[in-house]
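This structure is in structure tokens; I'll ask about it shortly.
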4 protein chains.
Amino acid sequence: MIIQFKTPMNHVIVDDILEQMKKGHHHGVMSDNHLIIYDLDHFDFTDREASVIEHIEATQPRYALSSRKFQPEDTIIETAHNKIGGDNFTIMAGPCSVENEEMIHRLAAEVKAAGATVIRGGAFKPRTSPYDFQGLGVEGLRYLREAADENDLDVITEVMSVEEVETIGEYTDIFQIGARNMQNFDLLKAVGKTNKPVALKRGLAATIDEWLNAAEYIISEGNSKVMLVERGIRSFDSTYTRNILDVGAIAVAKKLSHFPIIVDSSHAAGHADLVAPMAYAGVAAGAQGLLIEVHDHPSQALSDAAQQLTPAQFTKLVAQAKQIHALTENHD
Amino acid sequence: MIIQFKTPMNHVIVDDILEQMKKGHHHGVMSDNHLIIYDLDHFDFTDREASVIEHIEATQPRYALSSRKFQPEDTIIETAHNKIGGDNFTIMAGPCSVENEEMIHRLAAEVKAAGATVIRGGAFKPRTSPYDFQGLGVEGLRYLREAADENDLDVITEVMSVEEVETIGEYTDIFQIGARNMQNFDLLKAVGKTNKPVALKRGLAATIDEWLNAAEYIISEGNSKVMLVERGIRSFDSTYTRNILDVGAIAVAKKLSHFPIIVDSSHAAGHADLVAPMAYAGVAAGAQGLLIEVHDHPSQALSDAAQQLTPAQFTKLVAQAKQIHALTENHD
Amino acid sequence: MIIQFKTPMNHVIVDDILEQMKKGHHHGVMSDNHLIIYDLDHFDFTDREASVIEHIEATQPRYALSSRKFQPEDTIIETAHNKIGGDNFTIMAGPCSVENEEMIHRLAAEVKAAGATVIRGGAFKPRTSPYDFQGLGVEGLRYLREAADENDLDVITEVMSVEEVETIGEYTDIFQIGARNMQNFDLLKAVGKTNKPVALKRGLAATIDEWLNAAEYIISEGNSKVMLVERGIRSFDSTYTRNILDVGAIAVAKKLSHFPIIVDSSHAAGHADLVAPMAYAGVAAGAQGLLIEVHDHPSQALSDAAQQLTPAQFTKLVAQAKQIHALTENHD
Amino acid sequence: MIIQFKTPMNHVIVDDILEQMKKGHHHGVMSDNHLIIYDLDHFDFTDREASVIEHIEATQPRYALSSRKFQPEDTIIETAHNKIGGDNFTIMAGPCSVENEEMIHRLAAEVKAAGATVIRGGAFKPRTSPYDFQGLGVEGLRYLREAADENDLDVITEVMSVEEVETIGEYTDIFQIGARNMQNFDLLKAVGKTNKPVALKRGLAATIDEWLNAAEYIISEGNSKVMLVERGIRSFDSTYTRNILDVGAIAVAKKLSHFPIIVDSSHAAGHADLVAPMAYAGVAAGAQGLLIEVHDHPSQALSDAAQQLTPAQFTKLVAQAKQIHALTENHD
């Protein structure tokens, strides 16, 4: 049950209501002028109590704060250079890994020219094998920050553990939580305690409910600047595509939750020639942004060589994606 | 190896080549002026032999006739009222089942008005349980045919077994092979022996290679009028969508094969409010047509009640899908 | 609702009950002294009606005749050489395909010696590509029958289409329905009209409910001699095993249904060295029989070369499987 | 390439070899008397160099230290009360969560009596929703340790983040890494730096290769006391079982790696009546231990109520599992 109180709140009566719920052993969460009571969908309020209540939603999903029942309007996340969500369309792009100073400066200028307003790049890389390239670490973060500032871009980069949250927070504008860490609950809580935007990738085999509950770990710590990133799920056929982009999940998440939905078609596709059609599909299904890997010499990349676009390919992708987004907007 | 002979073919020399291949125990398939030799990617031709050869593709997939290596240009299927494939965009729509005469006539007019040029409707229905409604049979076919003729529409309907091919062929313009029958090889051969177009749905857990090999069963019998229908694959999360529409597979199939690609977003979605965004996604990924379930009173439908659109919803979907298709075409 | 009438049945009162149900538009199926009424779980019977009723099950699954609610005791299928189901343990073995007369005679003797009482062998083979070896057809059936008779074995072989049911029925003791045909409903009905045992393989991505509903298609036509064959499901990792043997499904199917459960670990494993441990797992989970591919020169087999056991490997497997089965029996 | 040097090692020549590899830019890892060189499968050694080499494996998987190519014999992990691996069979059991002091003491005695030698119990619980019971924390660890000591049992409990490694290490004998954290690489490295045994659960959608590479993160930090826990993978049908126990993966992992394989059939089954048959299947496939949830009042459990066994059910399971293990051992 979600109780929305009239504003300004009558704190005397609201406190009485809270007291009563506690006595009845109902677990409640107060957020602004909303009170969520779990496992309760009816209550006989007195006339005095009812007088301070604006609206009641009888049922709500477990991820109450993340749901449209709690907040019907779209969350719009403001950063230095972007408004993300709502009718906005945000392009985030850059290399899989920050490989050296020169390359990230060059790529920052190129993705900016093509229409990106956020630069991506991995400094701490999650790799299947301990013997694979693990990223440049803090040095990479510094290059990324400088390249972004030089080009008036926001930075998005992955944080892989609680200990790195503070350090990475000094360099990035947006934390990325990777697919493998979608249910690393301590990490979710840690970024939930910051006030920086968080892009939460869906796990390879995570249900939509698990994804939204993971978001709830962040918002329940006080940070409501969450973006949901669909990046493909694992299925039985990976002969031609690395993963299956779940376009239905984009439409569903947009309906159930107020958070912006971003599509990472690079990881879904796994092959450069499929990144564009899968990006278009994601946008047509309702995504409000794209996260695309771009490298000027993909074949020499230290990671994800097969799936990175050249700046020229990326420029074409952005133009088409924007036109599809414009159509989608009109027809909602 | 695919050998393309110069036209007009020099039959004397070609026959010599065929004879030689047979002697070498190479399995070959002749199709027009092409010769496919499996499991062979090099051969030392004499100058005399080489003089009649236009072009050689060293390797080819097992589904040789279905592949772009055999036929680089798009297959375009012509029916009484449609050209399907290439830059054309074809809308097929109608109820899940033909329930009675009146409803199919009414719906035929409505989907025609919205832009459909093919009417769908099940007369023989594949149902999980033997106790569920199995369709009206031949009576349903007759209603469907009359409704189509009255509205200048082509008919598409499902054929479930070899014995029904002839009867259903008397009423339909396009055979539909359902997902459950994608590897019913005798049925594939049977429709391959007709000259009617066949819409081959991808199985729930079929790989792209299996799908194209199933198409090869049809074309290897002589019928090259095949459409590939992506209708969603089975995955681990069916809480909100019935299946996962595999937009990557649309782009892949279009690259590997010359057949038209159609999207059935009704079965992928399973819920009416998701049919449109999933259709848009499919078109944005490159689909050349849509197959959509429409019913004027979805909640009273005898099958698939949850996923059928009203004519009003369908009209809106068609308008948006056409605009996305127009964009896609320009940017290929 | 399943109504079990007292025997001998009082046909006058039972007919009255049937009449009443029809008037109430309740869909009913009569089977021996049981009446199944779908979509009804309560009815106010008069004292007269109640007097002829032995027992009522309020709810039942859609696959009523296949369920333990309808028949609590195990189905035991009797053939010339076997009792299949219950506490019996049945070994079925032989080559993937019948390749020639000599090999099938030799293998029949070898699998018999190792403990098999049913010989398997494909004469009509379902193959992914139309260009792969499709089996010897009727000639293969004849060899198989003769080899079986010579060694006092039953025959199991696959039937792929309605037209072949009669011919194959002349040669085989048990029809096998392959995984790809699990929902070929016309084929299920056709074997349901015979009185020969049917081994129904679970589809690659079929749910347990779909599997049992497929069995219901057979039993609802009058043939209750159904075996359920678990042969592995398709999943995301096929690097080392062809499929995932679903041992949980074995335990579940045995609980929900009265039919014998057979494990085909050859197709689940896909590699000879994994066939035995996966067979043991299936037996430990409760399977009442095994279906194993055996070939004396696996590497030269015309199909499924990688997964066939040599007679020596098979002999060892049978010994161990029998010991595990003996344990399982005692501890049920 | 894995180079095994003769012992005692001739350090002068070995150092020369190392120096040479470095000059050739080959990435090498030295472990005892083995040297692994990645991405190199042939090298022309001089006679002097060859004289100190015992054996060379030309190729090895990326998870070299975890593979049987590096160490052919089984790893046996010794703890205060157990030898885990090899021909030993180890039963680990206890409640999903430590709920209070009294219950864990009672259950420790009960699982000990039934044959368990390790007690499990969650103190820090990974939960899908932030609003679900998150465990008693350190208080729970203390109860668990005391209950184990009182009954001469080892303790296994889950560690969810790097920060908790030290604290939990003070109480537990074995670290458990949960399925959701299988690729939490910082956590893997952290437990790899301790010298306590680690039970690594396979992720819900992790391939066998990813699982073994995750183990490599632990062993490459110096800790070779790794157990691999198969606990079921996510698939398309969760109507009756929570997950699919991948018995093939048990056999495969045992072949590829020298680590002990443990089966957690409680999480695979998700329903108490399926825990035993799935455990038997796992043991029959070659598992060297079981991890089972036991609770004396399952229906009142604070987590995983549906899948916990009563002590009586557990006692029966242990007896049967031991008999199957005894058989398996004889027939390897």
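Tell me which residues, restricted to region D:182-197, are outside any helix (DSSP H, G or I) and either without any contact (Cβ under 8 Å) to a residue 24 or more places away in the chain or within 14 Å of chain A (Cβ to nearest Cβ) (or both).
Scanning region D:182-197 gives D:Met182, D:Gln183, D:Asn184, D:Lys193.
Report, by residue number, each residue of region D:198-245 that is touching a residue at least 24 places away in the same chain (Cβ under 8 Å) and acidic (Asp, Glu).
Within region D:198-245, D:Asp209, D:Glu210, D:Glu216, D:Glu221, D:Glu230 qualify.
Further question on the same structure: Looking at region C:296-311, I want the residues that are under 20 Å from C:Ala123 (Cβ atoms) and have a partner that is among the basic types (Lys, Arg) with Cβ atoms under 7 Å, at least 6 apart or on another chain. Which pairs are those?
The qualifying pairs are C:Asp296/C:Arg106; C:Ser303/C:Lys125.
Show me the helices (runs of 4 or more DSSP H) entirely contained within region C:210-305 in which 2 or more residues are within 26 Å of C:Ile76 (Cβ to Cβ) and either among the basic types (Lys, Arg) or more than 8 Å from every other protein chain (Cβ to nearest Cβ) (or both).
Answer list for region C:210-305: C:247-256, C:265-269.
Counting only residues that are modelled with pLDDT of 90 or more and assigned to a loop (DSSP other than H, G, I, E, B), which one in region C:1-32 is surrounded by the most Cβ atoms within 10 Å (Cβ to Cβ)?
C:Met1
Quick check: anything in region B:151-159 modelled with pLDDT of 95 or more and surrounded by fewer than 20 Cβ atoms within 10 Å (Cβ to Cβ)?
Yes, there is a match, as at least one residue in region B:151-159 is modelled with pLDDT of 95 or more and surrounded by fewer than 20 Cβ atoms within 10 Å (Cβ to Cβ).
Okay, moving on. Quick one: in region D:92-124, which of the residues that are of a type outside the set (Gly, Ala, Ser), part of a strand (DSSP E or B) and touching a residue at least 40 places away in the same chain (Cβ under 8 Å) is nearest to D:Leu153 (Cα to Cα)?
Going through the qualifying residues, I end up with D:Val118.
Go through C:Asn243, C:Asn223 for me and flag whichever is more than 28 Å from C:Pro311 (Cβ to Cβ) and surrounded by fewer than 24 Cβ atoms within 10 Å (Cβ to Cβ).
Result of the check over C:Asn243, C:Asn223: C:Asn223.
Report, by residue number, each residue of region C:208-232 that is under 30 Å from A:Asn243 (Cβ atoms) and touching a helix residue (DSSP H, G or I) at 6+ places or on another chain (Cβ under 8 Å).
C:Ile208, C:Trp211, C:Glu230, C:Arg231, C:Gly232
Tally up the residues in region A:162-181 that are aliphatic (A, V, I, L, M), more than 8 Å from chain D (Cβ to nearest Cβ) and touching a helix residue (DSSP H, G or I) at 6+ places or on another chain (Cβ under 7 Å), please.
3
Then there's this: Could you tell me how many of the residues in region D:65-91 are crowded, with 16+ Cβ neighbours inside 10 Å and not in a loop (DSSP other than H, G, I, E, B)?
Residues meeting the conditions: 5.
Yes or no, residue by residue, for (1) at pLDDT 95 or above; (2) within 26 Å of D:Val263 (Cα to Cα); (3) acidic (Asp, Glu); (4) assigned by TED's automatic domain parsing to the domain that holds C:Val155:
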| position | (1), (2), (3), (4) |
| --- | --- |
| C:Gly286 | yes, yes, no, yes |
| C:Ala301 | no, no, no, yes |
| C:Ala306 | no, no, no, yes |
| C:Phe314 | yes, no, no, yes |
| C:Ala321 | yes, yes, no, yes |
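Hey, any hits in region A:180-201 for a residue that's polar (S, T, N, Q), assigned by TED's automatic domain parsing to the domain that holds A:Pro126 and touching a Ser or Thr at 6+ places or on another chain (Cβ under 8 Å)?
yes
Further, regarding this structure: Within the set of pairs 6+ apart or on separate chains, which have a first residue in region C:25-54 that is under 16 Å from C:Phe5 (Cβ atoms), a second that is among the polar types (S, T, N, Q), and C-beta atoms under 7 Å apart?
C:Asn33/C:Gln4; C:Asn33/C:Thr7; C:His34/C:Gln4; C:Ile36/C:Gln60; C:Val52/C:Asn10; C:Glu54/C:Gln4
Let me ask something additional. Testing D:Asp132 on (1) surrounded by fewer than 23 Cβ atoms within 10 Å (Cβ to Cβ); (2) touching a helix residue (DSSP H, G or I) at 6+ places or on another chain (Cβ under 8 Å); (3) under 21 Å from A:Ala190 (Cβ atoms), one condition comes back false. Which one is that?
(2)
In the set D:Phe175, D:Phe133, which member is closer than 25 Å to D:Ser303 by Cβ, under 12 Å from the mean Cα position of the chain (by Cα) and not in a helix (DSSP H, G or I)?
Going through D:Phe175, D:Phe133 in turn, the sole match is D:Phe175.
Just a yes or no: is a residue in region A:172-192 hydrophobic (A, V, I, L, M, F, W, C) and either surrounded by fewer than 21 Cβ atoms within 10 Å (Cβ to Cβ) or touching a Gly at 6+ places or on another chain (Cβ under 6 Å) (or both)?
yes
The values are calculated or read from the model by the stated rules, or taken from the named source; none is laboratory data. Note that this is a predicted model, so its numbers are computed, not measured. Positions of Cβ are backbone-derived with ideal geometry, glycine not excepted, and every protein chain shown enters the neighbour counts.
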